[in-house]
1. Quick one: residue A:142 ticks every box in (1) within 11 Å of another protein chain (Cβ to nearest Cβ); (2) crowded, with 20+ Cβ neighbours inside 10 Å; (3) touching a strand residue (DSSP E or B) at 6+ places or on another chain (Cβ under 6 Å) bar one, so which box is it?
2. Among the strands (runs of 3 or more DSSP E) contained in segment A:225-287, which hold 1 or more residues that are charged (D, E, K, R)?
3. Name every residue in segment A:248-264 that is more than 28 Å from the chain's Cα centre (by Cα) and either on the phi < 0 side of the Ramachandran plot or open to solvent by less than 30 Å² (accessible area, probe 1.4 Å) (or both), in order of residue number.
4. If we keep just the residues of segment B:253-287 that are touching a Ser or Thr at 6+ places or on another chain (Cβ under 6 Å) and in a loop (DSSP other than H, G, I, E, B), which is modelled with the lowest pLDDT?
5. Name, by its number, the condition in (1) touching a helix residue (DSSP H, G or I) at 6+ places or on another chain (Cβ under 8 Å); (2) among the hydrophobic types (A, V, I, L, M, F, W, C); (3) free of Cβ contacts under 8 Å to residues at least 24 places away in the same chain that does not hold for residue A:62.
Amino acid sequence: MDEVDLEVFEGEFFAMLGPSGSGKTTCLRLVAGFEQPTSGHIEIFGQTAEGVPPFRRNVNTVFQDYALFPHLNVIDNVAYGLMIRGAGKAERYRTAAEALELVALPGLGKRRAGELSGGQRQRVALARALVNKPRVLLLDEPLGALDLKLREQMQEELKNLHRQLGITFIFVTHDQNEALSMADRVALFNQGKVVQVGTPQEIYRCPNSRFVADFVGSSNLLPPEFVAGISGQNKWASLRPEAIRLTSAGGHEASVVACSYLGGTTRLALDLGSLRLHALLPSVATIPQPGQRVRIDWNPDDVHLMEDGI
Amino acid sequence: MNSPVGVISPGRQGILRRLADTLWRRPRLLLLLMLALPVSWLGVIYLGSLVALLVQSFFSIDEFSGLINYEFTLKTYRELLIPANLDIIVRTVSMAAVVTLAAVVVAFPIAYYAARYARGKWKAAFYIGVMLPLWSSYLVKIYAWKLVLAREGILNWLFDKLHLTWLLDAYLSLPLIGGNSLSVSYTGTFLVFLYVWLPFMILPLQASLERVPASLLEASADLGASAPQTFRHVVLPLSLPGVIAGSIFTFSLTLGDYIIPQIIGSSRLFIGQAVYTHQGTAGNIPLAAAFAVVPIVIMGVYLWMAKRAGAFDAL
């Protein structure tokens with residue numbers, strides 16, 4: 001990892017997004033203390049964190065595989081941190097039961113981790129991390145193993161939990177939808193570097209490089225020659241598929257190469273001669289068929305110029 | 001157009017092929033055929049002979065004629081509980097317990113290193129290092145230890161060179177664990193038992209430690225546990241099945257062995273030696289059988305207690 005210069009604000013829901021092997025998980029593990037930096041500096045609430053072992057950091061982690069202790073039941077898993085700190089039995093069971101209620105999982109305390117479903121394990125892992133009242137909660141791809149429905153439900157619950165607790169959440173994911181829908185700010189990682197940091201809107205609307213434009217949502221990358229023809233500037237640009245619309249006059253002429261119906265929207269692959277574009281159109285009565293010639297247009301503001309050619 | 005026969009190939013000819021098709025259709029029959037031989041081996045020859053031995057323990061020996069009286073009696077068991085025989089049992093069980101405990105202590109760091117850190121050729125070196133002693137003759141190793149531990153042996157020589165003979169002498173003058181030299185003391189017997197059975201503790205322990213995911217150790221540290229706390233609350237409970245598996249070996253092997261205490265140690269008997277002498281020279285098969293029941297009962301109680309204590313909960 002190199003050139004990772006990040007600042008996370010207190011109480012923020014911060015996402016670290018990137019393809020696998022991009023360094024986002026390593027970055028999280030540096031904050032948790034599982035790995036030590038070979039160079040560079042980490043501060044947590046103004047205190048130097050290099051060389052501080054994980055058990056002395058008031059930071060808790062929800063692991064990707066949940067890492068629940070198989071020899072303990074649910075309540076003992078949740079109460080583990082309290083037990084380590086020497087809390088009495090009555091107190092730690094009471095606090096752990098509260099934490100289980102917080103994650104909407106009351107009454108399962110006596111079960112073993114192995115008897116729970118994936119979604120329930122996820123909640124236990126969350127309760128176990130939160131029971132220690134951390135100032136920062138780290139989540140390593142926490143929803144990766146869940147199916148789509150459950151994932152959407154947990155996304156909402158995590159957001160609610162974040163609002164309710166007011167602590168900092170740092171969240172690692174490779175799923176751009178997850179990052180955009182949940183985070184206050186997103187850091188995009190690629191090949192061990194942070195390539196862009198910003199709010200989901202900034203990242204989506206104004207990607208600063210071809211990598212970002214391509215990774216976050218799908219995007220049409222317009223080569224400099226084409227951009228020069230429409231805006232006069234010799235730069236790469238990104239054009240979101242949903243910004244393209246059909247028109248009866250003006251704009252550009254294109255032929256439809258492929259068409260896939262997605263329910264509410266229809267995705268078209270278009271050939272403009274010099275380049276191919278994807279367009280995402282609302283599914284209306286007349287959907288152009290492959291081979292048909294259409295005219296397309298877009299708002300010039302939607303062509304986002306990028307400084308970075310990478 | 002495809003011909004209509006193209007999808008399913010015609011039934012095969014020949015007895016073997018038809019048999020193969022039949023077995024494919026009846027997987028239970030196949031399972032039965034495959035298990036018949038090993039199960040009958042285990043059931044009849046292995047367990048059957050054991051039962052025959054146990055039945056012997058309920059017979060008795062006629063003291064005057066030396067003949068076996070084939071009538072059900074508990075007389076032999078009463079004989080087992082006379083002080084001299086009870087001494088043998090207590091001595092053997094204590095030795096087995098101490099050997100097992102020491103084996104856990106010695107094996108743990110080795111197994112932990114192998115499971116957590118050793119990779120590639122270091123892992124191969126670990127396996128060879130642990131198994132190599134098992135490939136050489138057990139008797140050779142015991143006699144080698146006798147040479148090491150004898151009064152004229154290497155250890156004495158080493159202590160002498162280090163001017164520490166007084167330390168060794170002080171140790172040997174201790175009651176119970178001391179003796180004339182290490183090779184005729186319980187300490188000697190203990191050391192050789194520990195050496196010979198150690199691989200049987202290391203391997204299951206390493207296997208159980210290997211199944212503990214690294215993320216559990218990180219989770220424990222994340223939740224505030226220092227390394228010793230993580231060991232106590234996560235590593236040890238999760239490796240307990242391996243400890244139990246290893247201790248079954250070290251414990252029962254020590255309970256049954258009759259060669260090591262005969263060559264190295266005080267001349268006092270262990271269970272294995274008692275079985276050996278009673279069924280050989282003395283011809284008292286019932287008492288030998290009764291002695292042989294002791295380790296079985298002890299292991300049964302031990303496993304029951306381990307289960308009660310939750311040692312297998314993580315399995």
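1. Looking at each condition in turn, residue A:142 falls short on (1).
2. A:245-247, A:252-261, A:265-271, A:276-282
3. Result: A:248, A:249, A:252, A:253, A:254, A:255, A:256, A:257, A:258, A:259.
4. Of everything passing the filter in segment B:253-287, B:265 is modelled with the lowest pLDDT.
5. Here residue A:62 clears every test but (3).
Results for (1) within 28 Å of residue B:132 (Cα to Cα); (2) in contact (Cβ under 8 Å) with a residue 60 or more places away in the chain; (3) aliphatic (A, V, I, L, M); (4) part of a loop (DSSP other than H, G, I, E, B), shown as yes or no for each residue.
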site: B:148; (1), (2), (3), (4): yes, no, yes, no
site: B:177; (1), (2), (3), (4): no, no, yes, yes
site: B:180; (1), (2), (3), (4): no, no, no, yes
site: B:225; (1), (2), (3), (4): no, no, yes, yes
site: B:228; (1), (2), (3), (4): no, no, no, no
site: B:241; (1), (2), (3), (4): yes, yes, no, no
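A quick yes/no check of all residues on (1) surrounded by fewer than 23 Cβ atoms within 10 Å (Cβ to Cβ); (2) more than 14 Å from chain A (Cβ to nearest Cβ); (3) among the aromatic types (Phe, Trp, Tyr):
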position	(1), (2), (3)
B:240	yes, no, no
B:252	yes, yes, no
B:261	no, yes, no
B:269	yes, yes, no
B:280	yes, yes, no
B:285	yes, yes, no
B:289	yes, yes, no
B:299	yes, yes, no
B:310	yes, no, no
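So that you can scan it fast, the table gives a plain yes or no per residue for (1) away from chain B (no Cβ under 14 Å); (2) surrounded by 19 or more Cβ atoms within 10 Å (Cβ to Cβ); (3) in contact (Cβ under 8 Å) with a residue 40 or more places away in the chain; (4) out of contact with any helix residue (DSSP H, G or I) (no Cβ under 9 Å at 6 or more places or on another chain):
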site	(1), (2), (3), (4)
A:2	yes, no, yes, yes
A:17	yes, yes, yes, no
A:24	yes, yes, yes, yes
A:43	yes, no, no, yes
A:66	no, yes, yes, no
A:69	no, yes, yes, no
A:76	no, yes, no, no
A:81	no, yes, yes, no
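The values are calculated or read from the model by the stated rules, or taken from the named source; none is laboratory data. What you see is a predicted model; the values in this text were computed from it and never measured. Note that each Cβ is placed from the backbone with ideal geometry, even for glycine, and that neighbours are counted across all protein chains shown. Just the protein is used for accessible areas: all its heavy atoms, side chains included, with ligands, DNA and RNA removed. Shrake-Rupley method; radii C 1.70, N 1.55, O 1.52, S 1.80 Å.
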